[in-house]
Every structure is written in structure tokens, then in C-alpha cells.
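The values are calculated or read from the model by the stated rules, or taken from the named source; none is laboratory data. Remember, predicted model here, so these are calculated numbers, not experimental data. Cβ sites come from the backbone with ideal geometry, for glycine too, and all protein chains shown count toward neighbours.
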Amino acid sequence: MLIARTRQDLLAARTELHATGKPLALVPTMGALHAGHVSLIEHALGRGCTVAASIFVNPLQFENAGDLARYPRHEAADLQTLHAAGCSLAWLPDAATMYPPDDATLIDVAGPALGWEADIRPGHFRGVATVVAKLFGQLQPACAIFGEKDFQQLQVVARMVRDLALPVQVIGAPTLREPDGLAMSSRNRFLSAHERARAPQLHAALQDARRALATATPAAAALHAGRTALADAGLVTDYIALVDGPSLRPIETPQSGARLIAAARLGSVRLLDNIPA
Ligand code: AMP
């Protein structure tokens, strides 16, 4: 596995990878890798791609300095994970490489980047879109794999690529879960044992809402029940909603591509999840 830390390293590695003739797939990450990240790499390998993964804890997408400071960083273990997963290149830029002081460009997506996460984390998707556009320019991948786990992020990146006609195929991959249903996340390690026991309630609330919608319960009632169940389990709901999928607009009844999305706080951890409706 090639490891690149500078633009010069990256240029040499990119030339080497493109020379293999196989399509290059990019898996952007912020490190602290778990089986969910590995599943994205496997997804890319399964499509016959050479895989490059980036590890960059992107300061621009953190609106909270404390959250950025405590974000887990495990570079040595991550490199082993990437190597074992069959990754061909690890791209590990530092902040100055990604954001040189004379940078003058930010990317603002509207549409799917409005509401939900953006209400709680203003500026978050500007950070995501800007860093992802940079990664696309740096690596020039044929495709990029993103987890459905971060459903709004996936839609934001897909819309940016469409609107800017970027020559990258954006592919969503399913959410990997713990056996009790909790979506895997780098932040789960911050849950206390007591919180960890209650965390699967988020997925359970989404599943209950889906079951209720299937019996023609109005969306407002199904979502209200979800919010109540989360409160009973000690979770503070930021939102639980039924949306149309690509545009993230709220809808009243399930339709093709519809998604139930939710975010809730448990102690100091924000949990995010979604399922097809
Ligand atoms: P992160 O390192 O949290 O920025 O995530 C990097 C990529 O991994 C994003 O595309 C996430 O959506 C994806 N991802 C995170 N958790 C999971 C999971 N449990 N299953 C599948 N993909 C995931």
C-alpha cells in the first residue's frame, strides 16, 4: 500500500495507480476506522476498482472546536486496517496541505444541504462539500464510495457532483451495524456502558416508525411516537423525520426512495441513523 502525505507524494502515487488501468475508487474518511469503513473499501474492490482511502479530520466541517479536538485519531492502526482491507493508497494530508493559507474557494450546496444536520451544525456541509471537491481534484477517481449512514451527506455530495458536472460516480453503500442494531460510528467509543446499552433505541425507533407507516399510521403520529420512545430511553431527539430521499424534503406518506432519518444526543455523543421507509 502506498502512503502519501504531501501533494508531491500524491501525484506520484496517483500516476502509479492510474497506470494499472483499473478504475480508481476513492473512500474518504476521517480515520478511527471500523468495520463500516472497511465495508466501503470492500464495496469498491467488489466493483473491480483500485482503492484509495483518505484520512483527514477536516476542520472545516466541525463547527465545534471541542468536538474537533477530541475526534479520535489512530493513524497506525488505521494504516494497518487499510492495508489489510486491500487498499492501494492511503492519502494522509495535513491541514496546511488541504487548506493553504491563500485558499479562496468554498463550496456551498443548497437543496439537500439545508435543514436537519445543517440546522444543528451550521457550516458543516460547506466543509464536507469543499473537502470532498478537493479530494476529487487531487485523486481524480472514477468513483467515490460514501456510506448511507450519513444519508444527508451522501445526497449533498451527489448533488454537488451533478450540479458541477464533476466526472466522478458517487456510490452509496449500506450502513454496517452492531448486532443490536446500533450503526457503527467512530464516535460510539465515547458512549459509557450505560449509554451504549440504550444507543440501539435510535435504530429501534426508526424501525417502529417504519412499521407504523406500513399500517397507514399518519407520518406525524409515527414520528411523534418515535420521539416519545427516544425520550423514554433517555435520548434527546434533534430530529426524526420522513423525507423523500435525494432532496431531503419532509413528506407525509412513504414513496419510492423515501427515508426515515433521525439524530439524537446521548450524553456527549450525537447518534445519527436512517433506514429506507
Ligand atoms: P467518517 O470517517 O465518519 O467521516 O466516515 C467516512 C465514510 O464512512 C462516510 O462515507 C460514512 O458515511 C461511512 N461510514 C461511517 N459509518 C459507517 C457504517 N456504520 N457503515 C457504512 N459506512 C459508514
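What the table below lists for this structure:
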read-out	value
Some residue of the range 94-109 being buried (at least 16 other Cβ atoms within 10 Å of the Cβ) and in contact with a strand residue (DSSP E or B) (Cβ under 7 Å, 6 or more places away or on another chain)	no
The lone exception for Asp67 - which of (1) surrounded by 15 or more Cβ atoms within 10 Å (Cβ to Cβ); (2) within 14 Å of the ligand (Cβ to nearest atom) it fails	(1)
From Leu68, Leu45, residue being within 19 Å of Val132 (Cβ to Cβ) and either over 17 Å from the mean Cα position of the chain (by Cα) or hydrophobic (A, V, I, L, M, F, W, C) (or both)	Leu68
Residues located in the range 1-43, provided they are more than 8 Å from the ligand (Cβ to nearest atom), hydrophobic (A, V, I, L, M, F, W, C) and part of a loop (DSSP other than H, G, I, E, B)	Met1, Ala19
Condition broken by Ala44, with the remaining ones in (1) at pLDDT 95 or above; (2) surrounded by fewer than 22 Cβ atoms within 10 Å (Cβ to Cβ) satisfied	(2)
His203 vs. criteria surrounded by fewer than 20 Cβ atoms within 10 Å (Cβ to Cβ) and either within 16 Å of the ligand (Cβ to nearest atom) or of a type outside the set (D, E, K, R) (or both)	no
Options Ile145, Ile120: the member that is touching a His at 6+ places or on another chain (Cβ under 9 Å) and either buried (at least 17 other Cβ atoms within 10 Å of the Cβ) or of a type outside the set (Lys, Arg) (or both)	Ile145
Residues of the range 54-100 satisfying the condition of being modelled with pLDDT under 95 and part of a helix (DSSP H, G or I)	Ala65, Gly66, Asp67, Leu68, Ala69, Arg70
Cβ pairs under 6 Å, 6+ apart, first in the range 2-21 and surrounded by fewer than 17 Cβ atoms within 10 Å (Cβ to Cβ) and of a type in the set (S, T, N, Q), second outside any helix (DSSP H, G or I) and modelled with pLDDT of 95 or more	Thr20/Thr50
Tabulated pairs, the range 166-184, first modelled with pLDDT of 95 or more, second among the acidic types (Asp, Glu) and outside any strand (DSSP E or B), C-beta under 8 angstrom, 6+ apart or interchain	Gly172/Glu148; Ala173/Glu148; Pro174/Glu148; Thr175/Glu148; Met184/Glu178
Within the range 187-198, considering residues that are of a type in the set (Lys, Arg) and farther than 12 Å from Leu235 by Cβ, the one farthest from the ligand (Cβ to nearest atom)	Arg196
The range 152-186 - residue that is surrounded by fewer than 17 Cβ atoms within 10 Å (Cβ to Cβ), charged (D, E, K, R) and not in a loop (DSSP other than H, G, I, E, B) and, of those, farthest from the ligand (Cβ to nearest atom)	Asp163
Total residues in the range 70-87, condition touching a helix residue (DSSP H, G or I) at 6+ places or on another chain (Cβ under 6 Å) and buried (at least 16 other Cβ atoms within 10 Å of the Cβ)	2
Boolean, Ala212 is of a type in the set (A, V, I, L, M) and in contact with a helix residue (DSSP H, G or I) (Cβ under 7 Å, 6 or more places away or on another chain)	yes
